[in-house]
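For reference, the structure is listed below as structure tokens.
The values are calculated or read from the model by the stated rules, or taken from the named source; none is laboratory data. None of these values were measured; they are calculated from a predicted model. Here the Cβ positions follow ideal geometry from the backbone for every residue, glycine too, while neighbour counts run over all protein chains shown.
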Amino acid sequence: MIRLAVSDLDGTLLDSKGRLPQEIFPLIDQLYENGILFCAASGRQLVSLEKMFRPALDKIAIIAENGAICARGGEIFFCKTLGAEKTLRALEAIGRIKNAYPLLCTPDCAYYENEDPQFIPLVEASYLNSAHRPLAEVARKCDVCKVAVYDALTPEKNSMTVLPAALPDLRVIQSGSNWLDISSQGVDKGVAVGFVQKKYGILRSECAAFGDHMNDYEMLLACEHAYVTENAFADLKKLIGKTVPSNDDGGVLHALKKILHTFTKKKK
């Protein structure tokens with residue numbers, strides 16, 4: 001019996017144009033009414049996710065910043081920060097890589113320093129709250145929970161060939177076609193799912209999860225019923241094996257409807 005349904009957003013629940021299917025809201029209502037908690041899990045910032053899911057905020061859980069933050073109904077119940085020393089060390093390593101642009105993510109804002117015209121529109125498109133600040137100053141004064149890096153050459157060809165070795169005590173993971181995230185070791189979507197499971201007394205066997213990229217891997221392992229979309233990163237598809245239709249074909253919506261149908265059928 002499924003009691004928790006966790007879904008990544010970009011590339012999974014959202015279509016290829018980044019749009020949230022409006023059909024998700026009546027589905028969330030039905031899941032909630034039947035005792036099934038929906039959880040949106042994303043690398044996006046908390047304020048952006050709260051805006052996106054505003055009609056259903058009291059009925060869902062949110063995992064933001066790739067697992068650094070867990071929240072529900074406007075209340076943060078888990079937040080793991082990097083600390084100034086690790087953040088400054090990450091900035092130093094990123095600064096040695098060409099075409100890599102860092103952002104420092106806090107629970108309520110994303111800070112950037114580079115004003116490259118190809119970078120600013122990407123920040124504004126991805127982060128609802130952002131501000132231009134000297135990043136070393138932000139690192140020393142603010143609670144940074146994640147360093148996001150936009151790599152114009154793609155991480156696998158550029159920054160991912162350098163940063164994991166340069167920052168062995170931090171978690172460096174590709175989170176999209178041009179993005180990677182740096183966070184504390186032990187911070188990922190799977191750990192965050194564990195906090196949600198513990199808070200609401202939900203077993204791994206009662207959880208379903210949906211993802212499309214390697215930053216979803218631990219989240220998928222944390223749930224017994226794990227699926228990737230047909231458009232998922234090839235390596236993740238090999239690791240997980242089970243698929244739902246692509247994000248553009250509404251694969252997660254179909255799966256949620258199936259979960260709901262199975263649940264209501266058993267109740268009868």
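Tell me which residues, restricted to segment 11-26, are surrounded by fewer than 21 Cβ atoms within 10 Å (Cβ to Cβ), assigned to a helix (DSSP H, G or I) and touching a residue at least 24 places away in the same chain (Cβ under 8 Å).
Correct list: Phe25 only.
Determine whether Gly43 is at pLDDT below 95, touching a helix residue (DSSP H, G or I) at 6+ places or on another chain (Cβ under 9 Å) and under 22 Å from Gly186 (Cβ atoms).
Considered against the rule, which asks whether it is at pLDDT below 95, touching a helix residue (DSSP H, G or I) at 6+ places or on another chain (Cβ under 9 Å) and under 22 Å from Gly186 (Cβ atoms), Gly43 comes out as yes.
Taking the criterion of being modelled with pLDDT of 95 or more and of a type in the set (D, E, K, R), would at least one residue in segment 33-40 satisfy it?
Yes - at least one qualifying residue is present in segment 33-40.
Look at segment 136-169 and say how many of its residues are touching a strand residue (DSSP E or B) at 6+ places or on another chain (Cβ under 6 Å), under 15 Å from Ile97 (Cβ atoms) and touching a residue at least 60 places away in the same chain (Cβ under 8 Å).
5
Please list, ordered by residue number, the helices (runs of 4 or more DSSP H) wholly in segment 119-233 having 1 or more residues that are closer than 27 Å to Phe77 by Cβ and under 15 Å from the mean Cα position of the chain (by Cα).
Values: elements: 120-126, 135-141, 163-166, 189-200, 217-221.
Here the list reads 120-126, 189-200, 217-221.
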